[in-house]
């Protein structure tokens with residue numbers, strides 16, 4: 001009887017019940033949105049820096065640059081899609097940098113200890129960062145009249161869809177890079193080594209047609225090139241009739257799937273580290 005009494009309480013111990021994927025993912029997504037818009041300086045900086053860079057650089061090259069095979073338009077016009085992608089890139093970088101802050105402050109450890117799937121962490125973080133990046137990239141489209149462009153509804157819809165895809169792929173790539181890291185300094189080093197060159201070799205600054213042979217190959221192999229080309233084709237279809245919107249969007253969607261799968265695999269990989 002004593003043995004039965006001793007073991008009886010164990011039968012009533014409730015194991016932690018795992019919740020679904022969507023509620024934790026929504027909670028993490030909402031946390032990213034709220035935290036971002038509470039940081040007013042961050043909101044202003046993400047929009048103002050690319051705007052200043054676009055205007056100053058575009059004005060500086062206005063009379064010396066002619067976008068050759070990519071069209072004969074003004075450089076300010078040519079650089080506009082690259083400025084939009086720059087906003088998306090900066091926002092994705094800052095959003096994934098918060099992942100390292102969450103780890104150092106212990107928040108990420110508490111999430112990992114909760115009865116939630118790691119897939120929900122990936123989904124929530126990626127969707128949160130991608131939402132912020134997409135919103136700011138879309139807001140930047142209001143400056144198109146400054147370069148004499150007045151896109152119709154179909155062009156706006158394609159542009160918005162392209163920005164969303166680029167936001168998703170860059171945020172997922174940033175998560176895959178930031179997850180194993182413990183310090184913002186290490187993340188900055190990788191950003192300077194991978195993400196910024198990825199943007200610079202995407203056709204954002206200069207067309208592939210005017211680059212040297214080896215550089216042209218790198219730009220064609222760069223998946224971000226196809227997102228920039230899709231955005232450029234949506235905004236300036238007459239000047240870039242040689243580009244294929246279907247091909248560019250297909251490659252961009254494929255890169256979205258690849259980066260999300262990579263971030264999911266890295267987060268779900270079990271190691272001795274508590275946050276891995």
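The values are calculated or read from the model by the stated rules, or taken from the named source; none is laboratory data. Values in this document were obtained by computation on a predicted structure and should not be read as measured data. For neighbour counting, all protein chains shown are included, and Cβ atoms are generated from backbone atoms with ideal geometry for every residue, glycine included.
Of the residues 149, 126, the single one that is in a helix (DSSP H, G or I) and touching a helix residue (DSSP H, G or I) at 6+ places or on another chain (Cβ under 7 Å) is 126. Among the residues of the stretch 209-232, those identified as in a helix (DSSP H, G or I) and without any contact (Cβ under 8 Å) to a residue 24 or more places away in the chain are 213, 214, 215, 216, 217, 218, 219, 220, 221. Considering 189, 161, 113, the condition of being out of contact with any helix residue (DSSP H, G or I) (no Cβ under 7 Å at 6 or more places or on another chain) and closer than 22 Å to residue 245 by Cα is satisfied by 161 alone. Among the residues that make up the stretch 46-66, is at least one of them surrounded by 14 or more Cβ atoms within 10 Å (Cβ to Cβ), modelled with pLDDT of 85 or more and under 14 Å from the mean Cα position of the chain (by Cα)? There is no residue in the stretch 46-66 that is surrounded by 14 or more Cβ atoms within 10 Å (Cβ to Cβ), modelled with pLDDT of 85 or more and under 14 Å from the mean Cα position of the chain (by Cα). Residue check: residue 201 meets all listed conditions (1) in contact (Cβ under 8 Å) with a residue 60 or more places away in the chain; (2) crowded, with 21+ Cβ neighbours inside 10 Å; (3) more than 27 Å from residue 123 (Cα to Cα) but one, namely (1).
So is residue 101 over 19 Å from residue 258 (Cα atoms), within 12 Å of the chain's Cα centre (by Cα) and either modelled with pLDDT under 85 or buried (at least 20 other Cβ atoms within 10 Å of the Cβ) (or both) or not? Criteria not met by residue 101. Here 167, 154 are screened, and the one residue that is under 10 Å from the mean Cα position of the chain (by Cα) and either assigned to a helix (DSSP H, G or I) or buried (at least 20 other Cβ atoms within 10 Å of the Cβ) (or both) is 167. With respect to residue 69, determine if the residue is surrounded by fewer than 19 Cβ atoms within 10 Å (Cβ to Cβ), at pLDDT below 60 and under 28 Å from residue 146 (Cβ atoms). Considered against the rule, which asks whether it is surrounded by fewer than 19 Cβ atoms within 10 Å (Cβ to Cβ), at pLDDT below 60 and under 28 Å from residue 146 (Cβ atoms), residue 69 comes out as yes. In the condition set (1) in contact (Cβ under 8 Å) with a residue 24 or more places away in the chain; (2) within 14 Å of residue 87 (Cα to Cα); (3) under 17 Å from the mean Cα position of the chain (by Cα), residue 177 is compliant with all but (2). Of the numbered criteria (1) loosely packed, with under 14 Cβ neighbours inside 10 Å; (2) modelled with pLDDT under 80; (3) in a helix (DSSP H, G or I), the one residue 16 fails is (3).
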